[in-house]
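Chemist: This is the structure I have questions about; it appears just below.
All of the numbers you see were taken from the coordinates with simple rules; none came from a lab. Computed from a predicted model, the values in this text were never measured in an experiment. With ideal geometry, Cβ positions are generated from the backbone for all residues, glycine too; neighbour counts draw on all protein chains shown.
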Amino acid sequence: MDNKEVILHVDHMTKCFGDLKVLDDVSFDVHKGEFLCIVGPTGCGKTTFLNCITGLYDLTDGQILVNNEPVDTKKHNIAYIFQEYSTMSWLTVEQNVAFGLKMKKKSAGEIKEAVAEVLEMVGLTKYKDYYPVELSTSMLQRVVIARAFAVKPDILLMDEPYGQLDVELRFRLEDELLKIWEKLGTTVIFITHNIEEAVYLSENILVLTNKPTSIKQKLSNTLARPRSVVDPDFIEVRNKVTELIKWW
């Protein structure tokens, strides 16, 4: 990983809301194509963490660079998948997936090609003319994932996207996400409260402390893929991350 170029450089990121310090002197790098999972105690500020990376919040101190420039969502191709499903009910699946591309003023030909490609990846081609109300929970989340990947983001930020799903569905969507990530080489920063999910998905895991939040440790996850949650090596990594979060 070290020989890959740094796409995101977070330098002494600090964020206060009035007298409340939420993020305290956070520094780390993310390399191009990396799958980084971020875990930490409930309420430690993981979403604030992502909102600072997108530039939604101004930093109290420090800086965030994308490709050696201050982060700017108008310039840098960053996509964000929230905890809630964010499909637009009045648009079809195809139109939902095309939305970001239209905002970026891509040509009709580019849009058609990109939408067709990602719909095929997530298995929704035959549902392209359906509306969100006609879709299952799994399909809705696939639409959101397809829309994010359609713009071929340099960085994809994911904020607990599978937190409300049952285990079987979560694993299925995680596997689909990994297939797309491996095919497109997108840099993914994935926030989760689920340690097993972090170990299953990640190349590296960033463990955060309680507020004021700082980095407790960055772990390299070298487990071979495909991964099994019952594999002794998997359990060993999961237990190590659990202990890091559990003991302060």
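Chemist: Pairwise over distinct Cα atoms, reciprocal of the mean inverse distance: report the Kirkwood radius of region 84-152 in Å, one decimal place.
Modeler: Evaluated over region 84-152, this radius sits at 11.6 Å.
Chemist: If you don't mind, another one. Computed over the Cα atoms of the chain, what is the ratio Rg over Rh, Rh following Kirkwood?
Modeler: Ratio value, two decimals: 0.96.
Chemist: Pick from CYS44, CYS52, CYS16: which residue has the top mean-square fluctuation in a GNM of the chain where Cα pairs under 10 Å get a spring?
Modeler: Among CYS44, CYS52, CYS16, the largest GNM mean-square fluctuation belongs to CYS16.
Chemist: Using 7 Å Cα-to-Cβ label points, what is the THR54/LYS102 separation (nm, one decimal)?
Modeler: Result: 2.0 nm between the two label points.
Chemist: List the lysines whose alpha-carbon lies under 21 Å from that of LYS74, not counting same-chain residues fewer than 8 positions away?
Modeler: Straight-line reach from LYS74, under 21 Å: LYS32, LYS102, LYS104, LYS105, LYS106, LYS152.
Chemist: Explain nothing, just the number: dipole magnitude of the chain about its Cα centre with +1 on each Lys and Arg Cβ and -1 on each Asp and Glu Cβ, in debye rounded to the nearest 20.
Modeler: Its charge dipole is roughly 440 debye.
Chemist: A follow-up question, please. Rounded to the nearest Å, what's the spacing between the alpha carbon centres of region 183-224 and region 120-162? Just the number, please.
Modeler: Using only Cα atoms to place each centre, the spacing works out to 22 Å.
Chemist: Pop out the Kirkwood hydrodynamic radius of region 143-208 from its pairwise C-alpha distances, inverse of mean 1/r, in Å to one decimal.
Modeler: 12.4
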